1. Picking from Glu135, Glu214, Glu16, which is most flexible by a Gaussian network model of the chain using Cα springs under 10 Å?
2. Keeping every protein chain in place, order Trp198, Trp79 by accessible area at 1.4 Å, biggest value first, i.e. largest first.
3. For segment 129-253, with every protein chain kept in place, what is the accessible area per residue (1.4 Å probe, Å²)?
4. Which percentage, to the nearest 5, of the DSSP beta bridges contained in the chain is antiparallel?
5. Near Lys188, which aspartates and glutamates are there with a Cα under 18 Å away, not counting those fewer than 8 places off in the same chain?
6. From the residues Phe132, Thr161, Val194, which one has its Cα farthest along the dipole of segment 129-253 in the positive direction, the dipole being from +1 and -1 charges on Cβ of Lys/Arg and Asp/Glu about the Cα centre?
7. Specify the inter-centroid distance of segment 267-295 and segment 26-98, based on alpha-carbon positions, in whole Å.
8. Compute, for the chain, the length of the dipole vector about the Cα centre, with Cβ point charges of +1 (Lys, Arg) and -1 (Asp, Glu) only. Units Debye, rounded to 20.
Amino acid sequence: MEARFALLPGDGIGPEIVAEARRVLEAVAGRFGHAFTFDVQPMGGAAIDEFGDPLPQSTLAACRAADALLLGAVGGPRWDDPTAKTRPEAGLLRIRKDLGLYANLRPVQPHRALIDASPLRRDVVEGTDILFVRELTGGIYFGPDGVDEDGSRAFSTMEYTTAEIARIVRVAADAATARRGKLTSVDKANVLEVSRHWRRVAADVVAAEYPGLEYEVVLVDAMAMHLLSRPRDFDVVVTGNMFGDILTDEASMLPGSLGMLPSASLGDPGPGLFEPVHGSAPDIAGRGVANPLATILAAAMALRHALGLSAEAEAVERAVASVIERGLRTADIAAGGPFVSTAEMGAAVAAQLG
Ligand code: IPM
Ligand code: MG
């Protein structure tokens, strides 16, 4: 098949890791007989420097024309000035909103060979396999906000409509149906009106359309605790934008390194956005030591979710698993032992694909 990827390397380690994901996609194209084209576009801090805008019109247009977007990471200390007109992160929020990417899938599945890299005990983490489904274009990230003219007060507002809740719950419930059949909805219904609405709508959707699912609701503070004490008990977890942001960073520590976790942001219709969960790691940028596997696994999610190429996606995931099993490690997962460079890791995965 023919497919066009928009590549958004972004800032920090972004260009290094996206280059390796591209190398792996080229290997997939060669092995399976596909024609992939790659359109590299500026975004984030790099685009602020060049265009004064973290998401220039030309980048957004290229994204709309693509079948899938692969993003490295955005942000860094250079653009952290709190008085600046715009920030790199604003580009990411706009791309999510403008392309209608409301469903953010973040799978957390510690790799067997890496479990001792987890800060938690092996017997707690082993067997964990959670899919977080985070609502991505609503909630407090996009609600009415402002600062009073005299600077004495500021506010941000969490809002959710019935339609926004129902569509994200359906994405999560479909995923749970295809997995182990358990869905957990996370909210703060003991305090927030918006959460009580979330809880009512979610319960209605599940009761009417997914009566066979095992369904539970958990308060977000309790969830923060359960994730560390009994992560194995969860299958699919659905929650709002900010709770999902916080809980997925927490959960990303279960496998020991953020460097392994991919994420997909989907809407319908239009291209999805695929990226590592980790950030731009400016402290190690340009040194060739970053772990490209999260971005490579994000490319696998693009093959599966944007192009419908599940055999190809599985081939990439198997290639990643086998280089790990062979003992190849980047610095972040080497536990002080020998490690390979970003490019060596990417090349090993590509070579494994044949
Ligand atoms: C994430 C990030 C973003 C978010 C930032 C960079 C805007 O933390 O994707 O989780 O808060 O959504
Ligand atoms: Mg986050």
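The values are calculated or read from the model by the stated rules, or taken from the named source; none is laboratory data. Small disclaimer: the values here were computed from a predicted structure and weren't measured. Heads up, the Cβs are rebuilt from the backbone with ideal geometry, glycines too, and the neighbour counts pull from every protein chain shown. Note: areas computed on protein heavy atoms with side chains; ligands, DNA, RNA excluded. Shrake-Rupley method; radii C 1.70, N 1.55, O 1.52, S 1.80 Å.
1. Among Glu135, Glu214, Glu16, the largest mean-square fluctuation in the Gaussian network model of the chain belongs to Glu214.
2. Largest accessible area first, the residues go Trp79, Trp198.
3. On the way: 5680 Å² over 125 residues.
It amounts to 45 Å² per residue over segment 129-253.
4. Numbers: 16 of 44 bridges.
Beta bridges within the chain, antiparallel portion: roughly 35 percent.
5. Leaving aside aspartates and glutamates fewer than 8 places away in the same chain, those within reach of Lys188 are Glu135, Glu159, Glu164, Asp204, Glu216, Asp221, Asp245, Glu250.
6. Phe132
7. The two parts, judged by their Cα centres, are 11 Å apart.
8. Numbers: 33 positive and 47 negative charges, 159 e Å.
Magnitude of the dipole: close to 760 debye.
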